[in-house]
1. Condition check: under 13 Å from the mean Cα position of the chain (by Cα), within 13 Å of residue 99 (Cβ to Cβ) and small (Gly, Ala, Ser). Does residue 166 satisfy that?
2. Checking the condition more than 24 Å from residue 69 (Cβ to Cβ) and not hydrophobic (A, V, I, L, M, F, W, C), which residue from 201, 140 passes?
3. Return the only residue of 137, 67, 110 being open to solvent by 10 Å² or more (accessible area, probe 1.4 Å), polar (S, T, N, Q) and under 27 Å from residue 185 (Cα atoms).
4. On the basis of being modelled with pLDDT under 95 and in a helix (DSSP H, G or I), does residue 89 make the cut?
5. Residue 116 fails exactly one of the following numbered conditions: (1) open to solvent by 20 Å² or more (accessible area, probe 1.4 Å); (2) on the phi > 0 side of the Ramachandran plot. What is the number of that condition?
Amino acid sequence: LFPYTTLFRSRSVMLLTVFALALGACRDSAKEKIAKQVESGRATAAGESMPGYNSTLAGSYGGPPANVQVSGNMRQRQAEMSHWINEIARRIGVEPYFVHGIISAESAYNPNAGSKVGAMGLMQLMPGTARDLKVKNPWNQRENVEGGTTYLKSLLGMFHSKELAAAGYNAGPGNVKKYGRRIPPFKETQAYVPKVMGYYNKYKREPHLIGLGAENEPAASERDARGMD
């Protein structure tokens, strides 16, 4: 009986080894899929290229910032959240106006906002992005904003442009690089960037909307030190 027992054990070990290798390959494939998802962004899966797109003219987002409005439930939620969002933005080193611009465009300050592609919360973090940023609970408001703001800071450091950072946040940094460090030719992204910049400029003109005033704004030296360009 000994030879048969040995053979059985050998086959069992072989099967377990094959299973472990297959499981590892699946995990690696999942990680690669998440990485590609983060790099390519949310808009590209369903996004369509704009007809007549000319990459040499794509350095601009297509005109002036959008004319945006802040009212109703959005204004109420904004008033309730602005204080701690400003604190997170300053601590991480991103201009509060810009963080509020992204949140306004992404979720209108609705912490329960979700999308069909899996984006979550105030800053609409994708699952892969949240994992990379070590955000344990993307539905937690503060964790979501800390993760999204950290990601935004990395995009600002990568592209040195708010417009390109916003484009990267929407379409993925890979697509911004692919199109020559210009706004990618996706309809959603081409509409998204002026919307973000519209909110950004509005909050700079009317800082009281996000709980800031002249006495609360970071000094120029502080903005320079923290990279708030």
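The values are calculated or read from the model by the stated rules, or taken from the named source; none is laboratory data. Because the structure is predicted, anything quoted here is derived from the model rather than measured. All Cβ positions, even for glycine, are placed from backbone atoms using ideal geometry, and neighbour counts span all protein chains on display. SASA here: full protein model, heavy atoms, side chains in, ligands and nucleic acids out. Shrake-Rupley method; radii C 1.70, N 1.55, O 1.52, S 1.80 Å.
1. On the way: under 13 Å from the mean Cα position of the chain (by Cα): yes; within 13 Å of residue 99 (Cβ to Cβ): yes; small (Gly, Ala, Ser): yes.
Here the answer is yes, as residue 166 does meet what is asked.
2. 140
3. Working: 137 fails: under 27 Å from residue 185 (Cα atoms); 110 fails: under 27 Å from residue 185 (Cα atoms).
When all the criteria are applied, what remains is 67.
4. Values: modelled with pLDDT under 95: no; in a helix (DSSP H, G or I): yes.
Taking the combined requirement at face value, the residue does not satisfy it.
5. Single failed check for residue 116: (2).
One line per residue, one yes/no per condition, for (1) part of a helix (DSSP H, G or I); (2) open to solvent by 30 Å² or more (accessible area, probe 1.4 Å); (3) among the polar types (S, T, N, Q):
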{"residue": "156", "(1), (2), (3)": "yes, no, no"}
{"residue": "175", "(1), (2), (3)": "yes, no, yes"}
{"residue": "180", "(1), (2), (3)": "no, yes, no"}
{"residue": "188", "(1), (2), (3)": "yes, yes, no"}
